[in-house]
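Here is the structure we will look at, set down as structure tokens.
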Amino acid sequence: MKTFGRIVLCGMISQYNVVTPPSSAGPSNLSLAVPNRLRLQGFIVRDHYDMLNEFHHSTKWISEGKIKWKELSLKD
């Protein structure tokens, strides 16, 4: 991450009912967030329902390759 980078946290629903989290749960380099002044913020869809129509129009950006993402699982 670049200094002052932003990280969006979402997709945790699969872990809501886990009694014992896997030993590899979470990033191993979280300590780098402070010296790099990173911003980690949770994202919940219902906080942004007022922008739902705009979101539906943004699917064009995905097909044009303007939006990129990397999905990680607990196995990564």
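For the stretch 31-58, give me each residue that is under 22 Å from residue 12 (Cα atoms) and assigned to a loop (DSSP other than H, G, I, E, B). Passing the criteria: 33, 38, 43, 44.
Picking from residues in the stretch 59-76 that are within 15 Å of residue 8 (Cβ to Cβ) and not acidic (Asp, Glu), the one that is modelled with the lowest pLDDT is 72.
Applying the set (1) surrounded by 10 or more Cβ atoms within 10 Å (Cβ to Cβ); (2) more than 22 Å from residue 16 (Cβ to Cβ) to residue 64 leaves exactly one unmet item: (1).
Mind listing just one residue for me: the one in the stretch 14-57 that is among the small types (Gly, Ala, Ser) and modelled with pLDDT of 80 or more and, of those, farthest from residue 3 (Cα to Cα)? First the steps, then the outcome.
Within the stretch 14-57, the first condition is being among the small types (Gly, Ala, Ser), and the residues that meet it are 14, 23-26, 28, 31, 33, 42.
So of that shortlist, the ones also modelled with pLDDT of 80 or more come out as 31, 33, 42.
Details: 31: 14, 33: 9, 42: 19 Å.
Filtering the stretch 14-57 for residues that are among the small types (Gly, Ala, Ser) and modelled with pLDDT of 80 or more, the one farthest from residue 3 (Cα to Cα) comes out as 42.
Beta carbons closer than 9 Å, at least 6 apart along the sequence or on distinct chains, pair a first residue in the stretch 7-20 that is under 12 Å from residue 45 (Cα atoms) with a second that is part of a loop (DSSP other than H, G, I, E, B) and of a type in the set (Asp, Glu) for 11/71.
The values are calculated or read from the model by the stated rules, or taken from the named source; none is laboratory data. Since this is a predicted model, take the numbers as computed values, not measurements. Because the Cβ atoms are built from the backbone with ideal geometry, glycine has one as well, and the counts that use them run over all protein chains shown.
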